[in-house]
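Working notes for the structure below.
The numbers here are math on the coordinates, done by the rules we state, and not lab data. As the structure is a computational prediction, the values presented were derived from the model and not from experiment. Heads up, the Cβs are rebuilt from the backbone with ideal geometry, glycines too, and the neighbour counts pull from every protein chain shown.
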Amino acid sequence: MSRKNQKAPWEEEEEIIWVSKTEMKRDMEALQKLGEELVDLKPNALAKIPLDDDMRAAVKDAQRFKNEARRRQLQFIGKMMRQVDIEPIQIALDKLRNKHAQSTAQLHKLENRRDDLIAQGDSMINEIMADHPNADRQRLRQLVRQAKKEKEQEKPAKAYREIFQYLKELYLKD
């Protein structure tokens, strides 16, 4: 008797992963939304995204189109995205989205550095001079003294803001 439709017991079975139609549609819609984000980018931001020539041309076409033509072009871009590795595109888009958050975090660090500078004085100035040997030690000391004086006399914080601007020049030009 033959075993027509049965596998031999020594052969390993491959695991079959079933993907539902709904899940496939969700994936396709996600790719189309990613394509929409690309279409909504300004030309200089789009230049930073790693796209092949066909995809870049399709995105530029979609930017020109209106209404129904745009909708069809977005579907086409979504279809093209299925053939492309989207991970580098996603990473580049995330970087563009987080650019504002990163710059805000840098400014917060500078504000904390300014507050430490006023509180600690010369020890913090020495630390800044170690990081940036071209910084003007005398100007920093003057600004710190003025900021402390303004705080004691409850005057407007002019030197306080000047310290921030000076630190911004030092740290953000690198």
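State, to one decimal in nm, how far the label point of Glu154 lies from the label point of Glu29, with both points 7 Å from Cα in the Cβ direction.
About 6.0 nm separates the two model spin labels.
HN-Hα J couplings of the range 82-89 from phi, Karplus 6.51/-1.76/1.60, θ = phi - 60°, integer Hz, Gly and Pro as x?
5, 8, 10, 6, 8, 4, x, 5
Give me the mean projected area, in nm² to one decimal, of the convex hull enclosing the Cα positions of the range 99-172.
Quarter of the Cα hull surface area: 4.9 nm².
Expressed as a rounded percentage, what relative contact order does the range 21-84 have, with Cα pairs under 8 Å and six or more residues apart?
49
Report the percentage of all Cα-Cα pairs in the chain whose separation exceeds 20 Å, rounded to a whole percent.
69
What number, rounded to the nearest 500 deg cm²/dmol, is the helix-based mean residue ellipticity at 222 nm of the chain, given -39500 (n - 2.57) per DSSP H run of at least four residues and division by all its residues?
-24000 deg cm²/dmol
Would you please state the base-10 log of I(q)/I(0) at q = 0.16, 0.19 1/Å for the range 21-84, with intensities from the Debye formula using one equal scatterer on every alpha carbon?
Those come out to -0.48, -0.66, one per q.
Short version: ³J(HN,Hα) in whole Hz for each residue of the range 134-147, in order, from phi by Karplus 6.51 cos²θ - 1.76 cosθ + 1.60 (θ = phi - 60°), x for Gly and Pro, what are they?
Values, residue by residue: 8, 5, 8, 4, 5, 5, 4, 4, 4, 5, 5, 4, 4, 5 Hz.
In nm, to one decimal, how far is the modelled label at Asp115 from the one at Gln165, with both set 7 Å along Cα→Cβ?
Going by the 7 Å Cα→Cβ label model, 2.2 nm.
So if R0 is 25 Å, what FRET efficiency would Met129 and Lys99 give, r being the distance between their Cβ atoms, rounded to the nearest 0.05?
Working from the Cβ atoms, E equals 0.25.
In debye to the nearest 20, how big a dipole does the chain give about its Cα centre with +1 on each Lys and Arg Cβ and -1 on each Asp and Glu Cβ?
Using Cβ point charges on Lys, Arg, Asp and Glu, the chain gives about 900 debye.
Quick one: check the C-alpha center-to-center distance for the range 119-145 versus the range 44-69, whole angstrom.
49
Can you tell me how much longer the chain between Arg141 and Gln90 gets when fully stretched, taken as 0.36 nm per residue apart minus their C-alpha distance, in nm with one decimal?
Full-extension gain reported as 13.8 nm.
With axes computed from alpha carbons, what is the tilt in degrees of helix 53-64 against the longest principal axis of the chain, rounded to the nearest 10 within 0 to 90?
70
Going highest first, how would you order 102-115, 69-82 by mean Cβ packing within 10 Å?
Order by mean packing, descending: 69-82, 102-115.
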